[in-house]
Amino acid sequence: MADFSGLGKILVIGGATLFVVGLLFMFGDKIPFLGRLPGDIFIQRKGFNFYFPVVTCVVVSVLLTILLNIISRR
């Protein structure tokens with residue numbers, strides 16, 4: 001019989017990731033610092049707004065990298 005424990009672990013991690021991303025979509029606007037960090041680009045002109053959260057993306061990437069390294073080492 002095939003061993004599906006690796007596949008089960010991947011599915012659980014994927015489900016947990018989707019759950020956390022869903023929570024961020026639901027409650028992200030209530031987190032005061034998320035998306036408004038110094039270094040995020042916001043350009044506002046007449047009839048045009050451009051927003052690119054550079055620093056927020058870097059912070060989230062670093063946190064996810066640390067979290068996934070902790071999970072994968074177990």
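Table for the structure above
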read-out	value
Some residue of segment 48-70 being among the aromatic types (Phe, Trp, Tyr) and assigned to a helix (DSSP H, G or I)	no
Filtered residues of segment 21-33 (kept if at pLDDT below 80 and among the aliphatic types (A, V, I, L, M))	Leu24, Ile31
Selected residue (criterion: nearest to Leu11 (Cα to Cα)) from residues of segment 22-33 that are part of a helix (DSSP H, G or I) and open to solvent by 60 Å² or more (accessible area, probe 1.4 Å)	Leu23
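Let's see how each residue does on (1) at pLDDT below 85; (2) surrounded by 10 or more Cβ atoms within 10 Å (Cβ to Cβ):
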site: Gly14; (1), (2): no, yes
site: Gly35; (1), (2): yes, yes
site: Phe42; (1), (2): no, yes
site: Phe48; (1), (2): no, no
site: Ile66; (1), (2): no, yes
site: Arg73; (1), (2): yes, no
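The values are calculated or read from the model by the stated rules, or taken from the named source; none is laboratory data. As the structure is a prediction and not an experimental result, all values here were calculated from the model. When we count neighbours, we look across all protein chains shown, and the Cβ atoms used for this are built from the backbone with ideal geometry, even at glycine. Heads up: the accessible areas ignore ligands, DNA and RNA and are worked out on the full protein's heavy atoms, side chains in. Shrake-Rupley method; radii C 1.70, N 1.55, O 1.52, S 1.80 Å.
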